[in-house]
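Have a look at this one.
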């Protein structure tokens, strides 16, 4: 394109590998261009090279990275920039928004200080007063009031921190914004607000936008064009309508089919105006087995409150209650054999509740009864014995697997801790579990390290480790949120099969409503530390009672809602 603002031509990127002469291209012969005001969505599974491509756009790759091809901004190769020109390029020409805003924010600096530092480092002739006025205007553009100028990052919610990160990216009025998974950790309402604001500002300022994501529905809603990346290559590119309505590549079709299968629902006409209803593609018996006389897990008025420490001056002048009620009087039953979904915005207390159930943190008040025994106040040894029967699967398998331990060692470690098997017998159990979670042949995975596995394979290892002690309850904290739709469906199908095989009970924490609908028997909606709605999954989706539940459903990206794009 002759008027292209940003061009990538035959880009190839490879990271150095010790002990190997073979070149593994993380990005392999990728070409595309972006014009002013254009919004391009880049989708693909974790590890396909999306983030590497985004960092190559800003020349943020390590010095020893092997790079071939050309990346040009306004006709100039970014690889030819001098250090001074490169510094000006980053921020003034191109800005990057990360998935986790805390990678951009200094916890010891106020929001105002962040803004002033950004402006004055690039525009030293600006007075402090001018810089502050410009910064406040930018913060207000993303709906952050000037009254929060002197607050620190920890005083903001996850969504508000991401707004600050967007404001910092916009301060210097860049021509291109690269947003790398900007809403993955946010609930649907906050994500929708942030993406609407970001795309609106791009339209107003004629900024180009590159959104990197594994969420096809979100990309379809906010982008003009889509590029599908697989194994380092672009396998399909085109307008959003063309890619969603007539996908050409098998991988694109698998992503689209998996996303639609996860949602498994067509929104009835009129939902947008507040008339709720769904038509199911298939009828599934989601009624939990509540015939047991007692629940497996019973929470009684459970509370987890935190009091913020204040210095003398803060205590003297502050009129606000400095107690954070992360979990505030929750009473809930979880029955044997069911899957209970826990949904709500980031910061509402979902993860705190899961850690309180496991007694990783002691509650302020209330009871946690598991198998009829109150866990609150148990000795460390007694609680250790109980944890054999209750395990957890975390959001990021890469972070929860020791990179220095092999797959076999990681899965077998709980057997050693709980003294459940001798070493030789333990290896046999680990190999058997690897086969059960679909890592076959097991012997080929046993001696591998986490870095040698894909994201989906790492999560299967995490599931195998949770199952190895034969628990009755598994708490899943966002177990598939970092995976693309096709891998999500594989992992969820595996978890459903294992639930039947091992007679498991799941507490499934997620901010993805369509995943919850696909997987859960009942859903509890959590807001500000409280359960505001609880019911069968079908009832929650067809007749949501609480305004917050309705807002969550309305904000959730839905491929079927884009009828003009999907066609018939």
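Kindly provide the set of residues from the stretch 508-525 that are over 16 Å from residue 543 (Cα atoms) and over 18 Å from the mean Cα position of the chain (by Cα), ordered by number.
520
Only one of these conditions is not met by residue 314: (1) at pLDDT 90 or above; (2) over 28 Å from the mean Cα position of the chain (by Cα). Which number is it?
All conditions pass for residue 314, except number (1).
Considering only residues that are crowded, with 17+ Cβ neighbours inside 10 Å and over 12 Å from residue 161 (Cα atoms), which ones fall in the stretch 115-140? Talk me through it step by step, then tell me what you get.
Taking the stretch 115-140 and keeping what is crowded, with 17+ Cβ neighbours inside 10 Å, we get 115-116, 118-119, 131-132, 134-136, 138-139.
Selection gives 115, 116, 118, 119, 131, 132, 134, 135, 136, 138.
Could you please find all residues in the stretch 173-187 being out of contact with any strand residue (DSSP E or B) (no Cβ under 8 Å at 6 or more places or on another chain) and surrounded by fewer than 23 Cβ atoms within 10 Å (Cβ to Cβ)?
Within the stretch 173-187, 173, 185 qualify.
Also: Using the structure shown, decide if residue 59 is surrounded by fewer than 21 Cβ atoms within 10 Å (Cβ to Cβ), at positive phi and under 29 Å from the mean Cα position of the chain (by Cα). Give the steps one after another, and end with the answer.
On the way: surrounded by fewer than 21 Cβ atoms within 10 Å (Cβ to Cβ): yes; at positive phi: yes; under 29 Å from the mean Cα position of the chain (by Cα): yes.
Yes, satisfied.
Residue 533 passes all but one of (1) assigned to a loop (DSSP other than H, G, I, E, B); (2) touching a helix residue (DSSP H, G or I) at 6+ places or on another chain (Cβ under 6 Å); (3) free of Cβ contacts under 8 Å to residues at least 24 places away in the same chain; which number fails?
Every condition holds for residue 533 apart from (1).
Do you know which residues across the stretch 335-351 are more than 15 Å from residue 516 (Cβ to Cβ) and crowded, with 24+ Cβ neighbours inside 10 Å?
Answer for the stretch 335-351, where residues must be more than 15 Å from residue 516 (Cβ to Cβ) and crowded, with 24+ Cβ neighbours inside 10 Å: just 349.
Could you grab me the full set of residues in the stretch 536-566 that are outside any helix (DSSP H, G or I) and modelled with pLDDT under 90?
556, 557, 558, 562
Inspect the stretch 409-428 for any residue being surrounded by 16 or more Cβ atoms within 10 Å (Cβ to Cβ) and part of a strand (DSSP E or B) and give the result as yes or no.
no
Suppose we keep only residues that are within 31 Å of the chain's Cα centre (by Cα) and surrounded by fewer than 15 Cβ atoms within 10 Å (Cβ to Cβ) within the stretch 362-382. Which one would you say is modelled with the highest pLDDT?
Applying the filter and picking the extreme gives 365.
Show the residue pairs meeting these rules: Cβ distance below 6 Å; 6+ apart or different chains; first residue within the stretch 36-50 and without any contact (Cβ under 8 Å) to a residue 40 or more places away in the chain; second residue assigned to a loop (DSSP other than H, G, I, E, B).
Matching pairs, first to second residue: none at all.
A follow-up question, please. Conditions first: (1) buried (at least 19 other Cβ atoms within 10 Å of the Cβ); (2) at pLDDT 90 or above; (3) over 18 Å from the mean Cα position of the chain (by Cα). Residue 249 passes all but one, so which condition is the exception?
(1)
Continuing with the same structure: Just to be sure, is residue 39 in contact with a strand residue (DSSP E or B) (Cβ under 9 Å, 6 or more places away or on another chain) and modelled with pLDDT under 90?
No; evaluated as a whole, the condition is false for this residue.
Looking only at helices (runs of 4 or more DSSP H) that fall completely inside the stretch 446-523, which ones have 2 or more residues that are over 23 Å from residue 356 (Cα atoms) and free of Cβ contacts under 8 Å to residues at least 60 places away in the same chain?
Hits in the stretch 446-523: 455-467, 485-502.
Hey, another quick one. Just to be sure I understand, how many residues within the stretch 212-253 are in contact with a strand residue (DSSP E or B) (Cβ under 6 Å, 6 or more places away or on another chain), without any contact (Cβ under 8 Å) to a residue 40 or more places away in the chain and in a strand (DSSP E or B)?
Adding up the residues that qualify gives 3.
Under 27 Å from residue 496 (Cβ atoms), out of contact with any strand residue (DSSP E or B) (no Cβ under 7 Å at 6 or more places or on another chain), at pLDDT below 95 and surrounded by fewer than 19 Cβ atoms within 10 Å (Cβ to Cβ): is that true of residue 277 in this structure?
Values: under 27 Å from residue 496 (Cβ atoms): yes; out of contact with any strand residue (DSSP E or B) (no Cβ under 7 Å at 6 or more places or on another chain): yes; at pLDDT below 95: yes; surrounded by fewer than 19 Cβ atoms within 10 Å (Cβ to Cβ): yes.
Considered against the rule, which asks whether it is under 27 Å from residue 496 (Cβ atoms), out of contact with any strand residue (DSSP E or B) (no Cβ under 7 Å at 6 or more places or on another chain), at pLDDT below 95 and surrounded by fewer than 19 Cβ atoms within 10 Å (Cβ to Cβ), residue 277 comes out as yes.
The values are calculated or read from the model by the stated rules, or taken from the named source; none is laboratory data. Everything quoted here is computed from the prediction, not taken from an experiment. Please note: Cβ atoms are built from the backbone with ideal geometry, for glycine as well, and neighbour counts cover all protein chains shown.
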